[in-house]
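Worksheet: one structure, shown below.
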Amino acid sequence: MSDSFSSSHPHRIGVVVEAPQHSGLWGALDYLSDHPLPPGTLVRVPLGRRMVTGVVWLGHDEVAPEPDWPLDQLKPVAEVLTGLPPLPAHWRQVVKFAAAYYQRSVGEMALMVLPPELRQLDATQWARRIKRLDQWVNPVAAKPKRRKAAMAEAVAVPQPAVTLPEAPSLPALTAQQGDALRALADGGAQAYLLWGSTGSGKTEVYLRQAQRALDAGQQVLMMVPEINLTPQLEARVAERFAGRRIVSLHSGLTPAQRLRNWLLAHTGHADLILGTRLSVFTPLPRLGLIVVDEEHDPSYKQQDGARYSARDLAVYRARLEQVPVILGSATPSLESWFNAMPAAEGGAGRYVRLAMPARIGDGSMPRVRLLDLSRAPKPPRGQEPPPLDKALLDAIQQRIERGEQSLILLNRRGYAPVLHCSDCGWKSGCPHCSAWRVFHKVDRTLRCHHCGFTERVPRACPDCGNQDIAPVGRGTERLEEQLAEILPGARIGRIDADVTKHKGALEERLADVHAGEVDVLVGTQMVAKGHDFRRITLVAAINPDAALFASDFRAAERQFALLMQAAGRAGRDAEVAAHSEMWIQTWHPTHPLYQTLLRYDYADFASQQLKERAMAGMPPYASLAMLRAEGKTQEAAQGFLEAAAQAMQERAQACGVTLYPAVPTPIQRVANVERAQLMIESAQRAPLQRFLSEAQAIWFELAQKNRRSGLIRWAVDVDPLSI
Ligand code: ADP
Ligand code: ZN
Ligand code: ZN
């Protein structure tokens, strides 16, 4: 280390590069530079025969050390990407923490969270980009021709205001908004759970708190779960903060847009960053506030590669940078709920809970009606029951007559989940997965929703030649068709992933609903989120029971949130709120999930769930990790997991960590790959972390040895969302 700061010798520089965990590289690699480079500098370095982008990290003490190579064996840093401030220490700390917590290498984490384009540019290309930064920052000063180009690209960036715009007239705060904002002002840099019904004015609270941060010269990071929801919030934020530079960061942007917005954020030129989960890693020199809207949403957890939770990292980051973080939801995740529960009530007391139970104005939540299917008349033998019970159908009819709208929620797209031959029993299975292929009538295909395998529907049963193969069950496509039959003259619309594939299609369909051109809207959970429908006075969930009996311990929590969110689509306007209804068509009306929903009593639902979790030793009363393996055969996948468990059995016992048996995943084969998993549980987070980091090296070696046995890949999922 003595050579580090002398100028007559080359300097030893630690650089992290994108090396996946399975390459066995964990920390920084050593390179040579003829002058010192500050940590956080972006460089191009040779790695094997390739030239890759890396980030200068501090020396050996900062990340797990690789072997200390002698100086004369080191390769020099090839290029330095200059013109930008180095990535700040806070950024490196968040990356380092995330890597350690989610069991990935620092380099993989660091490079994964940088804009994709940044990883590919060499120093010359980079220099060109950096030059353009000036034009983005100050489009008015740029040359006319260039300015046009810069502006065309800069969709979300309002021009710097020459004169200050009129301050928009703000609504007077409600009492509960006032209370929440006072608590935020008094509490300072803490984590807050803003627990407020849909339409209670949470967004207004975010905006006011954002205003405070902006006024203090700080940057604000606002996160939403899905790209679909960014345009709405963006419009509202842009209206409120005209004259401020607002940029968005999500995977729907072109690589060039993403790099540009990221650069504006990192250089401090953007005031407000609106983004999906990946934005939690944006370097922000003046960060003053983080907001995580709909904090319970599963989209905050990355589901492949480095499986991080952006919500949890936001809380970590806020504490690290000493800024407040607001987690907002009408139905918080049970983890956040528990964290915001005072210790006196048996909670963790880590977050401050701010409650906003009332909807703005006279808006109340729609009345919940549980429709007991066991009392419905039985259909004639061999016939399917109708999609909607008679009473529900009548209620929809009334809405149509009054010129109001209804929303029918069915969380299954396609025409029918399976085709069936009644002669020989053939079913439309996927040859590559342990799943059925879904019948899509619109193009007469059978499609596997897991591997994508698609074929034309056979004319006759492939096994026995019977011409009469029939759809079983119902998806949104079929429901739309059936409703057109039973509600003649009504205008039926549909919103699901199939009809909104093309850019702009979702916006178009939503506009139709808003314009009143749809009487009955059929949709998957896509429509339950965030959209502000003014004329919907009836929401119906027609097949919500599956979640009651799912093996996944979070299924009930998710279903409750979805139904609450769906209910929130109805009665947004005070004049229609009084006769708005939420219908639940169920075989189990007495189930606690529905009974608590009847009163919109999230707190009661949560306390029942927490009791069950406590008894079962599940989060938030325990920490989980899932060791997952994929193999050519189920034996190969399970064999690796069992060997992995055996190799660590003693350590597990010493750490107080429980290793469960290896089992096939719920859908055990996808695209001809067999999948298995092994649950790891601990009463405490720290011992689990210690155990996992010890296990990594051993499992890595084991996997190398197991490669010939048919193991394809393996990974650890810390705090898995589904089990
Ligand atoms: P949430 O984010 O909790 O769903 P919003 O902030 O979107 O709620 O508020 C719901 C509606 O009420 C919006 O149309 C919003 O403009 C309006 N609103 C919010 N706060 C107030 C207020 N204090 N006075 C009047 N209207 C308000
Ligand atoms: Zn057949
Ligand atoms: Zn398949």
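Coordinate-derived values only; no laboratory data. Quick caveat, the model's predicted, so the values are computed rather than measured. A quick note on method: Cβ atoms are made from the backbone with ideal geometry, for glycine too, and the neighbour counts reach across all protein chains shown.
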Across 5 Å bins from 0, what is the distribution of all Cα-Cα pair distances for the range 11-127, in whole percents? 2, 12, 24, 28, 20, 11, 3, 0
Full-stretch length increase - Asp512, Ala183 - with 0.36 nm per residue and alpha-carbon distance subtracted: 114.4 nm
Hey, can you rank 176-184, 440-448, 632-640, 377-385 by average C-beta count inside 10 Å, highest first? 632-640, 176-184, 440-448, 377-385
Net lengthening on full extension, Phe549/Gln232 (0.36 nm per residue, minus Cα-Cα): 110.6 nm
Net charge, Gly489 excluded, C-beta distance under 13 Å - Lys, Arg +1, Asp, Glu -1: -2
At most 15 other Cβ atoms within 10 Å and a DSSP loop assignment: could you name the GluC sites (Glu not before Pro) in the range 484-582 that fit? Glu517
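Which pairs break 30 Å Cα to Cα here: Lys390/Lys441; Lys378/Lys427; Lys427/Lys501; Lys301/Lys503; Lys441/Lys503; Lys427/Lys503?
Cα-Cα > 30 Å for Lys427/Lys503; rest within.
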Between the range 664-723 and the range 408-429, what is the separation of their alpha carbon centroids in Å? 33 Å
Points 7 angstrom from Cα along the Cβ direction at Asp122 and Leu58: gap in nanometres? 3.4 nm
So, with +1 on the Cβ of K and R and -1 on the Cβ of D and E, and no other charges, what is the size of the charge dipole of the range 623-718 about its Cα centre, to the nearest 20 debye? 240 debye
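Using the alpha carbon gyration tensor of the range 241-309, what are the three equivalent-ellipsoid semi-axes (square root of 5 times each eigenvalue), largest first, in whole Å?
21, 15, 11
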Projected label distance in nm at Cys424 and Ala376, using a 7 Å step from Cα toward the beta-carbon: 3.3 nm
Given 0.36 nm per residue, what is the gain on full extension from Ala490 to Lys705 after removing their alpha carbon distance, in nm? 71.0 nm
Please give the FRET efficiency for Ile698 paired with Gln653, using the beta carbon to beta carbon distance and R0 = 22 Å, rounded to the nearest 0.05. 0.90
Relative contact order %, the range 390-526, counting alpha carbon pairs below 8 Å whose residues are six or more apart: 30 percent
Using helices alone, what [θ] at 222 nm do you get for the chain, with -39,500 (n - 2.57) per DSSP H run of 4 or more residues, divided over all residues and rounded to the nearest 500? -10000 deg cm²/dmol
When the charge dipole of the chain is computed with +1 at the Cβ of Lys and Arg and -1 at the Cβ of Asp and Glu, the Cα pointing farthest to the positive end, of Val77, Phe560, Pro377, is that of Val77
Calc'd 3J(HN,Hα), the range 493-501, phi into Karplus 6.51 cos²θ - 1.76 cosθ + 1.60 (θ = phi - 60°), Hz, glycine/Pro = x, comes to x, 9, 10, 8, 4, 6, 8, 10, 5
For the pair Lys501 and Asp463, what calculated FRET efficiency results from E = 1/(1 + (r/R0)^6), where r is the Cβ-Cβ distance and R0 = 30 Å, to the nearest 0.05? 0.40
Lys and Arg at +1, Asp and Glu at -1: neighbours of Pro462 with Cβ under 13 Å from its Cβ sum to +1
What is the packing order of peptides 540-547, 603-610, 645-652, taking the mean over residues of other C-beta atoms within 10 Å and listing the highest first? 540-547, 603-610, 645-652
Hits among lysines - C-alpha to C-alpha of Lys131 under 24 Å, sequence gap 8 or more where chains match: Lys143, Lys145, Lys148
Take the alpha-carbon centre of the range 438-482, take the same for the range 255-325, and report the distance between them in whole Å. 42 Å
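For the range 156-361, give the magnitude of the charge dipole about the Cα centre (Cβ charges: +1 Lys/Arg, -1 Asp/Glu; no others), in debye to the nearest 20.
On the way: 20 positive and 18 negative charges, 64 e Å.
It comes to approximately 300 debye.
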In whole Å, what are the Cα extents of the range 288-384 along the three principal axes, biggest one first? 65, 43, 30
If you build the convex hull over the alpha carbons only and average its shadow over all orientations, what do you get for the chain? Give it in nm² to one decimal. 36.4 nm²
